[in-house]
1. Ignoring ligands, DNA and RNA, please state the percent of accessible area on the range 110-150 from carbon and sulfur, probe 1.4 Å.
2. Subtracting the Cα-Cα distance from 0.36 nm times the residue separation, let me have the gained length for L13 to K177 in nm, one decimal.
3. Grab the beta carbon distance between K97 and V32, set R0 = 25 Å, and tell me the FRET efficiency rounded to 0.05.
4. Could you calculate the contour length gain from A129 to L22, that is, 0.36 nm times the residue separation minus the distance between their Cα atoms, to one decimal place in nm?
5. Can you tally the net charge around S133? Count Lys and Arg as +1, Asp and Glu as -1, for every other residue whose Cβ sits under 15 Å from the Cβ of S133.
6. In what sequence, highest mean first, do 130-142, 8-20, 33-45, 63-75 appear when ranked by Cβ atoms within 10 angstrom?
7. May I ask you to evaluate 6.51 cos²θ - 1.76 cosθ + 1.60, the Karplus curve with θ = phi - 60°, for each residue of the range 16-30 and list the ³J(HN,Hα) values in order in whole Hz, giving x for glycine and proline?
8. So with the 1.4 Å probe, I'd like the accessible area per residue for the range 1-41, rounded to whole Å².
Amino acid sequence: MADYLQTFLLEHLEAAELISVLLNILISITGVFPSAPLTFVNVKSFGFWNGFLLSFIGEVLGVALSFWLYRKGFRTLVHTKTPSHSKWLKPLRVQGKESFIFILSLRLLPFVPSGLITFFSAVGQGSFAVFISASALGKIPALFIEVYSIYHISQGSMQGKIILVVLSIISLFYISKKWKKSLTDHKKGRLSKNK
């Protein structure tokens with residue numbers, strides 16, 4: 001697939017950058033395809049920094065449009081079809097700073113499905129401004145790790161693979177810790193309101 005994409009971009013060199021951004025937006029909207037193959041193609045076709053920039057622009061525009069579409073299409077459905085006491089709705093109730101930290105933490109993981117983060121954020125109570133700022137900020141280091149790893153893997157280097165594994169483990173630990181803290185704080189907040 002990566003070879004096909006690269007060939008396609010090289011055949012349409014004049015519009016290759018625009019096509020790359022549009023493909024990233026399409027990947028974000030569908031929410032089922034990983035963006036890593038396109039990032040790989042961007043790095044191979046446009047170089048390290050240009051590949052990073054194109055992937056970043058495409059992914060941020062993609063999550064912004066996806067958020068809007070998911071919120072319009074699924075928010076009411078999720079809240080009406082799920083019982084109000086359901087544990088699945090708890091993460092969706094976070095707002096403001098908690099929502100920002102939650103989204104940012106998930107975005108720091110390079111290979112967590114972006115569509116899943118966007119979907120949960122869109123059907124939740126957090127604002128678009130919080131979502132897009134946390135997403136953009138979180139995508140910078142996550143995408144850099146992805147691009148750096150892809151660059152070194154494409155060069156046949158073991159360094160990229162080792163860095164990717166180490167950073168993924170650290171990120172998982174960090175997210176787990178923040179997620180538990182966020183749920184604990186949310187529970188304490190509800191208990192103090194009930195008093």
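1. Answer for the range 110-150 is 83 percent, counting heavy atoms of protein chains only.
2. On the way: separation 164, 0.36 × 164 = 59.04 nm, distance 4.51 nm.
Gain on extension, L13 to K177, equals 54.5 nm.
3. Details: r = 31 Å, r/R0 = 1.23.
That gives a FRET efficiency of 0.20.
4. Values: separation 107, 0.36 × 107 = 38.52 nm, distance 2.23 nm.
Length gained, A129 through L22: 36.3 nm.
5. Values: positive: K97, R107, K139; negative: E59, E98.
Taking every other residue near S133 into account, the sum is +1.
6. Details: 130-142: 18.8, 8-20: 13.9, 33-45: 21.5, 63-75: 17.2.
Top to bottom by mean Cβ count within 10 Å: 33-45, 130-142, 63-75, 8-20.
7. Couplings: 4, 5, 5, 4, 4, 5, 5, 5, 5, 5, 4, 4, 5, 5, 5 Hz.
8. On the way: 2480 Å² over 41 residues.
I get 60 Å² per residue for the range 1-41.
The values are calculated or read from the model by the stated rules, or taken from the named source; none is laboratory data. From a predicted model like this one, the values you see are computed outputs, not experimental measurements. Every residue, glycine among them, receives a Cβ derived from its backbone with ideal geometry; neighbour counts consider all protein chains shown. Keep in mind that these areas ignore ligands, DNA and RNA; they rest on the heavy atoms of the full protein, side chains included. Shrake-Rupley method; radii C 1.70, N 1.55, O 1.52, S 1.80 Å.
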